[in-house]
1. Could you please find all residues in segment 57-88 being surrounded by 13 or more Cβ atoms within 10 Å (Cβ to Cβ) and at positive phi?
2. Against the condition in a helix (DSSP H, G or I), within 14 Å of the chain's Cα centre (by Cα) and at pLDDT 85 or above, how does residue 82 come out, does it pass?
3. Going by the structure shown, is residue 54 part of a strand (DSSP E or B) and under 21 Å from residue 22 (Cβ atoms)?
4. Inspect segment 27-46 for any residue being outside the structural domain of residue 77 (by TED's automatic domain parsing), part of a helix (DSSP H, G or I) and modelled with pLDDT of 75 or more and give the result as yes or no.
């Protein structure tokens, strides 16, 4: 059984990692835009309960986001069902 303290630390680590990734990508786009004109593609996933809402500016981005949303949904479903499967 995973302790709540460990989950708390993992949560903070994931939030910190996400912030670092956001800053790194911001600086990457900043330096790319200084060099010359670039084409920007964007998209996102919003989870409303168990249902993902996917949006994007390009069909390729939307396809990748569908795959990512399915993976996240399966992970969340697995984490939710573990106590019922193990009987805990």
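1. Matches in segment 57-88: none.
2. Answer is no for this residue.
3. The answer is yes for residue 54.
4. yes
The values are calculated or read from the model by the stated rules, or taken from the named source; none is laboratory data. Keep in mind that what you see is a predicted model, and the values were worked out from it rather than measured. Note that each Cβ is placed from the backbone with ideal geometry, even for glycine, and that neighbours are counted across all protein chains shown.
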